[in-house]
Amino acid sequence: MTTHNQIDPFHILREAQARSAQEQQLLSGRDWLSVTTLVQFLTALYPLYLWVSFDLLGYRLASTDPLVSILRLTALVTFGIGFVFLLLSWWAKYAPFRAATLALVFYTALNVFFALTRPQHFMDGIASRMFVFLGLIMAVRTGFHRHRAK
């Protein structure tokens, strides 16, 4: 005769496995935001290098060359985007679904803006952008599963 009130010795183990899987999903969502941050900071290194070599080291006449101001603006904007993703990765510790959703919306809006303003350069770096985009989708998915499980 079996009753429903009998103690299941594996019940605690199953609950621990489910919690561990949820925590791993949460970490993978934060990890994707961290990867996005790293990609943005690595992307900013090249314009920063060009800006420093042209402007600060004096390889060109910085006062008359519009290229230097474009490089400065590009480096600063790219670093700014990286800092936005850094803040979103930090926020993902507390609200992973909201942070991942906001990061995905921000990244999508940013790419739409670049496609509209510079359509001839939109395909430059498309592989890394698709990698980041898919990673952000995974972060939203894992954040949603974690949010729904609560």
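Per-structure values
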{"read-out": "Where a residue in region 100-127 is of a type in the set (Gly, Ala, Ser) and its partner, wherever it lies, is surrounded by 15 or more Cβ atoms within 10 Å (Cβ to Cβ), with Cβ under 6 Å and at least six apart", "value": "100/29; 100/139; 100/140; 100/143; 103/33; 103/88; 103/136; 115/122"}
{"read-out": "Looking only at region 19-51, and only at residues there that are aromatic (Phe, Trp, Tyr) and buried (at least 21 other Cβ atoms within 10 Å of the Cβ), the one that is modelled with the highest pLDDT", "value": "32"}
{"read-out": "Enumeration of residues in region 93-132 that are within 13 Å of the chain's Cα centre (by Cα), aliphatic (A, V, I, L, M) and farther than 24 Å from residue 147 by Cα", "value": "110, 130"}
{"read-out": "Sole residue being over 15 Å from residue 41 (Cβ atoms), of a type in the set (Gly, Ala, Ser) and at pLDDT 90 or above, chosen from 99, 115, 139, 95", "value": "99"}
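Quick grid of which residues meet (1) in a helix (DSSP H, G or I); (2) polar (S, T, N, Q):
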site: 77; (1), (2): yes, no
site: 84; (1), (2): yes, no
site: 94; (1), (2): no, no
site: 103; (1), (2): yes, no
site: 111; (1), (2): yes, yes
site: 116; (1), (2): yes, no
site: 124; (1), (2): no, no
site: 139; (1), (2): yes, no
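The values are calculated or read from the model by the stated rules, or taken from the named source; none is laboratory data. Note that the structure is a prediction, hence the values are computed from the model and not measured. Every residue, glycine as well, gets a Cβ built from its backbone with ideal geometry; the counts of neighbours run over all protein chains shown.
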